[in-house]
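Here the structure is laid out as structure tokens; the discussion comes afterwards.
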Amino acid sequence: MKKILAMGASNSSTSINQQLAIYAANEVSNALVEVVDFKTVDLPIYSIDIEVEQGFPAQAQELLKKVRQADGVVVSLAEHNGSYAAVFKNAIDWLSRIEMKFWAEKPMLLLATSPGANGAGSVFKAAKAAFPYLGADIVASYSLPKFYDNFKDGTPQGELAKELEVQIQQFATALHA
């Protein structure tokens with residue numbers, strides 16, 4: 001059985017990206033899903049001064065350990081003003097200081113969603129460009145627009161559901177290869 005680390009890159013208690021990440025990860029057969037909930041990740045804002053004076057926070061080291069122990073990663077990105085949610089960007093900053101290629105070439109399903117028609121397209125595009133430099137092996141990706149219209153009762157709807165399923169199966173194939 002493969003282990004998937006799923007994260008909605010937001011600390012919102014009603015995160016639509018958390019919902020999407022958990023949904024997608026649980027669609028992979030023969031996999032155990034562990035969820036990272038950024039509401040419980042308490043990292044100081046990254047600063048070289050903190051790093052030098054205090055070292056790496058225990059929660060950053062624990063998050064890196066979870067990535068290392070996973071066989072694959074599902075990340076769904078929230079978009080705040082065209083970029084990552086601050087909590088997620090801060091985690092990236094800490095993890096990349098511990099180990100630059102912290103994604104460790106694990107197969108990744110990269111997702112994004114938003115209530116709008118762009119489906120968090122700006123941050124999605126930025127992550128697709130940046131994550132490989134951080135060791136991500138993005139084997140599948142999908143941006144879901146208009147979350148509240150296209151994801152109801154815990155599942156994607158219509159033609160978009162079919163497109164998402166293709167990406168989930170691509171990820172599953174890479175994960176089980």
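The values are calculated or read from the model by the stated rules, or taken from the named source; none is laboratory data. Quick caveat, the model's predicted, so the values are computed rather than measured. Here the Cβ positions follow ideal geometry from the backbone for every residue, glycine too, while neighbour counts run over all protein chains shown.
Values computed for the structure shown
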| item | result |
| --- | --- |
| Conditions (1) assigned to a helix (DSSP H, G or I); (2) free of Cβ contacts under 8 Å to residues at least 60 places away in the same chain; number of the one not met by residue 174 | (2) |
| Any hit, the range 99-113, residues being among the small types (Gly, Ala, Ser) and closer than 25 Å to residue 150 by Cα | yes |
| Selection status of residue 92, of a type in the set (A, V, I, L, M), farther than 26 Å from residue 120 by Cα and modelled with pLDDT of 95 or more | no |
| Residue within the range 135-146 that is exposed (fewer than 14 other Cβ atoms within 10 Å of the Cβ) and modelled with pLDDT of 95 or more present | no |
| The listed residue being in contact (Cβ under 8 Å) with a residue 12 or more places away in the chain, outside any helix (DSSP H, G or I), hydroxyl-bearing (Ser, Thr, Tyr) and closer than 23 Å to residue 16 by Cβ, out of 76, 122 | 76 |
| Matching residues in the range 3-34 - criterion: being more than 25 Å from residue 146 (Cβ to Cβ) and either hydroxyl-bearing (Ser, Thr, Tyr) or not in a loop (DSSP other than H, G, I, E, B) (or both) | 3, 4, 5, 29, 31, 32, 33, 34 |
| Count - residues of the range 134-177 that are hydroxyl-bearing (Ser, Thr, Tyr) and over 14 Å from residue 19 (Cα atoms) | 3 |
| Complete set of residues in the range 80-115 that are in a helix (DSSP H, G or I) and either crowded, with 21+ Cβ neighbours inside 10 Å or touching an Asp or Glu at 6+ places or on another chain (Cβ under 7 Å) (or both) | 88, 91, 94, 95, 97 |
| Criterion: closer than 24 Å to residue 32 by Cβ, at pLDDT 95 or above and of a type in the set (Phe, Trp, Tyr) - qualifying residue of 56, 102 | 102 |
| Single residue of the range 44-79 satisfying the filter (surrounded by 18 or more Cβ atoms within 10 Å (Cβ to Cβ) and not hydrophobic (A, V, I, L, M, F, W, C)) that is farthest from residue 113 (Cα to Cα) | 57 |
| First in the range 43-69 and of a type in the set (Lys, Arg), second anywhere and not in a loop (DSSP other than H, G, I, E, B), Cβ under 6 Å, 6 or more apart | 66/5 |
| Output for the range 35-58, where each listed residue is under 20 Å from residue 85 (Cβ atoms) and either part of a loop (DSSP other than H, G, I, E, B) or touching a Ser or Thr at 6+ places or on another chain (Cβ under 8 Å) (or both) | 37, 38, 39, 40, 41, 42, 43, 44, 45, 46, 47, 57 |
| Positions within the range 117-129 being more than 19 Å from residue 72 (Cβ to Cβ) and surrounded by 13 or more Cβ atoms within 10 Å (Cβ to Cβ), in sequence order | 118, 119, 120, 121, 122, 123, 125, 126 |
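Residue-wise test of (1) β-branched (Val, Ile, Thr); (2) in contact with a helix residue (DSSP H, G or I) (Cβ under 8 Å, 6 or more places away or on another chain); (3) at positive phi.
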position: 2; (1), (2), (3): no, yes, no
position: 17; (1), (2), (3): no, no, no
position: 30; (1), (2), (3): no, no, yes
position: 35; (1), (2), (3): yes, yes, no
position: 82; (1), (2), (3): no, yes, yes
